[in-house]
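**Student:** So that we are looking at the same thing, I have put the structure below in structure tokens.
FYI, it's all coordinate maths here, none of it is from the lab. From a predicted model like this one, the values you see are computed outputs, not experimental measurements. Ideal geometry is used to build each Cβ from the backbone, glycine not excepted, and the neighbour counts take in all protein chains shown.
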Amino acid sequence: MGATQVWPLASRYLALRWRIRAPGTICGVEAAVYAPPVAAPRAVQLRLTGLSVVIPCHNERDNVAAAVAAARSAAERFALHYEIVVVDDGSTDGTGAIAGMLERASGEVRVVTHERNRGYGAAVRSGIRSATMPWILLTDGDLQFDLSELEGFVRRAAEADLVVGRRASRADPFGRRAAAAMWNALVRILFRLPVRDVDCAFKLMRSSLVQELDLTADGAMVSTELLARALASGAAVVELDVTHLPRLAGEQSGGSTRVIARALRELVVVGRSLKVAPQ
């Protein structure tokens, strides 16, 4: 092979070498880069290391199985390890029996039983005490929340000790909405709470914080007490909008005269403890 034949081949070889090297110039000649296309990075799915879903229930026979299924679906998506803690607060309609069957069928479900109806706050406190994972999701057993919205809460967990929901539009009867609005305004003013929906039962909480709070309320006042004591301890709180769905089964009890009277009594007791209510 003569020199006139070798030189074109050598030139093509050198050109190819230059084109696959890093961008820049070689001997004053700009080198092109040829590389296979790089796929766009896939979205990272954030997941908590461990999640306890706490579900207080009182007479939720028609809802408890679906509530546990919804909790399981959300926990499997957004946590590496999880447990579901159902607190049966003295139900008389068979809720406890159904919860017991769910517990026997799954190692992730645990049932805490109150032999008598002690109140929503007592059920919340029992659930928090029983939780073993680093994070607690507190939600109700009435299926009025879309637990797939936990994704947004998990994304904000790194910057907060509590990520709490706000029902932008409540799917409750007018009377209940009106009473809730007055109560919410009252406790926000008395306890100087920055959140807009104190009683929203969609709260993602750092276990190491809430398990150290000295919660005493047995009734609906527990939501206010939890937030007030958490903020007093220096907790960082983030609030996110959540969807609120109509109750399709079971009966609401939060607006009953007995529940309201207990909440008002406990408001005074907790307020005195935190030095915000009249002595």
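**Student:** Let me make sure I get this right: for region 147-226, a, b and c are the square roots of the gyration tensor eigenvalues over alpha carbons, sorted descending. Under 1.5 in a/c it's rounded, otherwise prolate if a/b > b/c, else oblate. Which is it? Present the calculation step by step, with values, prior to reporting the outcome.
**Tutor:** On the way: a/c = 1.99, a/b = 1.24, b/c = 1.61.
Here region 147-226 falls in the oblate category.
**Student:** Looking at the P(r) of region 172-279, how many percent of alpha-carbon pairs lie beyond 25 Å? Write out the running numbers ahead of the final one.
**Tutor:** Working: 1233 of 5778 pairs.
More than 25 Å apart: 21 percent of the Cα pairs in region 172-279.
**Student:** Run the quick spin-label model on Met101 and Arg166: label points 7 Å from Cα toward the beta carbon, then report their separation in nm to one decimal.
**Tutor:** Those two pseudo-labels are separated by 4.1 nm.
**Student:** In the calculated pair distance distribution of region 90-181, what percentage of Cα-Cα distances lie above 15 Å? Walk me through the numbers before you get to the answer.
**Tutor:** Working: 3067 of 4186 pairs.
Of all Cα-Cα distances in region 90-181, 73 percent exceed 15 Å.
**Student:** Can you check what the Kirkwood hydrodynamic radius comes to for region 51-273, Cα pairs only, in Å to one decimal? Intermediate results must be reported in sequence, preceding the final value.
**Tutor:** Numbers: mean 1/r = 0.0576 Å⁻¹.
For region 51-273, inverting the mean 1/r across all distinct Cα pairs yields 17.4 Å.
**Student:** Report the FRET efficiency, 1/(1 + (r/R0)^6), for Glu212 and Glu76, where r is their Cβ-Cβ distance and R0 is 35 Å, rounded to 0.05.
**Tutor:** Working: r = 28 Å, r/R0 = 0.81.
In this case the efficiency is close to 0.80.
**Student:** Just to verify a number: FRET efficiency for Asp62 and Arg116, C-beta to C-beta distance, R0 = 30 Å, to 0.05?
**Tutor:** Details: r = 22 Å, r/R0 = 0.72.
Efficiency at R0 = 30 Å is approximately 0.90.
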